[in-house]
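Everything on this sheet refers to the single structure shown next.
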Amino acid sequence: MLEAARQAVPECPFASLSTNKVYGDAPNDLALKELETRWEYADESYWTGIPETFRIDQSKHSIFGASKVAADVMVQEYGRYFGMPTCALRGGCLTGPSHSGVELHGFLSYLIKCHLTETKYNVYGYKGKQVRDNIHSLDVARFIAAFTAAPRAGEVYNIGGGRANSCSILEAVTKIEDISGQKMIYEYVDQNRSGDHICYISDLRKMKAHYPRWRITKSLDDIFQEVYNSWNVRAAVAQ
């Protein structure tokens, strides 16, 4: 696709949806501290999250993550080598009301779906305190629009909800229970997913510095409520 773009429309902005999985399990090498409901970075320099300069090699990736590394680097290379307006967007948990999560991908949507359908949700390892940041699909689209309006060549951005939109699985369970008034059915499995991040928060400072008019417009509470409402509607239509 990059070569087709170079041949046909090299001036057209090219935004590639990469993933935080390009970092493999390297973020797990950071010192962490255990809090009541989540893991947290022990080094305060990571308070704002993982920056784009964090290493992406010499770590364990899933096959999915490894394929994304290859695409990520190619997007950068076409920008730097050919001067094309490209960026790789290393997504955290991209979600929203139309998200159809499954057990191993799209944890927030899948967790809420399980809650509404009274399906047992499996929590894999790390005491359920593993942390993810969540960003609404609308805010992802808004950033792509901002990049398209003022593109740069060969850029990389971590795109996620940042610290404000971060939560652990335990915190997510509490939040959905508060919304529905019902208890979550879940079981703890004392085996983490291979290569899974213990604590991952996207550092958004570079994005905001390059595109200061862009910001997160959908809070974590907004996301939970919209996904919950969406699954309710889908359940009603299915009946």
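The angle separating the long axis of helix 107-117 from the principal Cα axis of greatest extent in the chain is about 30 degrees. Tally the DSSP beta bridges in the range 63-200 and give the antiparallel ones as a percent, rounded to 5. In the range 63-200, approximately 25 percent of DSSP beta bridges are antiparallel ones.
Can you tell me how much longer the chain between Thr217 and Thr48 gets when fully stretched, taken as 0.36 nm per residue apart minus their C-alpha distance, in nm with one decimal? Could you put the intermediate results ahead of the total?
Working: separation 169, 0.36 × 169 = 60.84 nm, distance 1.80 nm.
Stretched fully, the Thr217-Thr48 segment lengthens by 59.0 nm.
Rank by packing, highest mean first: peptides 48-54, 162-168, with packing defined as the count of other Cβ atoms within 10 Å averaged across residues. Let's see the in-between values first.
Details: 48-54: 17.3, 162-168: 20.4.
Ranking, from highest mean packing down: 162-168, 48-54.
Using a Cα-Cα cut-off of under 12 Å, which aspartates and glutamates could be cross-linked to Lys218, ignoring same-chain neighbours fewer than 8 residues away? The reachable aspartates and glutamates, counting only those whose Cα sits under 12 Å from Lys218, are Asp139, Glu226. GNM on the chain, alpha-carbon springs under 10 angstrom: the most fluctuating residue among Leu204, Leu94, Leu138 is Leu138.
On the basis of the beta-carbon distance and an R0 of 30 Å, Lys60 and Tyr188 show a calculated FRET efficiency of 0.85.
If you take the Cα centroid of the range 95-164 and the Cα centroid of the range 166-228, the two points sit 7 Å apart.
Candidate cross-link partners of Lys127 among the lysines, defined by an alpha-carbon separation under 26 Å and a same-chain spacing of 8 or more, comprise Lys21, Lys33, Lys60, Lys113, Lys175, Lys183. Let me have the relative contact order for the chain, percent, based on Cα pairs under 8 Å that are six or more residues apart. Reported as a whole number, the value is 28 percent.
Kindly work out what percent of the DSSP beta bridges joining two residues of the chain are antiparallel, to the nearest 5. Numbers along the way, then the final one.
Numbers: 7 of 27 bridges.
The antiparallel proportion sits near 25 percent.
Selection among Gln76, Ser202, His61 by position relative to the dipole of the chain gives Gln76 as farthest towards the positive end (Cβ unit charges, Cα centre).
Can you give me the angle between helix 137-149 and the longest principal axis of the chain, using Cα atoms only, in degrees from 0 to 90, rounded to the nearest 10? Its long axis makes an angle of about 10 degrees.
With a 10 Å cut-off between alpha carbons and a GNM built on the chain, which of Ser16, Ser98, Ser202 moves the most? Among Ser16, Ser98, Ser202, the largest mean-square fluctuation in the Gaussian network model of the chain belongs to Ser98.
Once the chain from Asp29 to Met1 is taken as fully extended at 0.36 nm per residue, the excess over their C-alpha distance is 6.6 nm. Summing Lys and Arg as +1 and Asp and Glu as -1 over all other residues whose Cβ lies under 12 Å from the Cβ of Asp178 gives a net charge of -1.
Here, each number is a calculation from the coordinates, and none is a lab measurement. Only a predicted model underlies this, so the values are computations on that prediction, with no experimental measurement involved. A quick note on method: Cβ atoms are made from the backbone with ideal geometry, for glycine too, and the neighbour counts reach across all protein chains shown.
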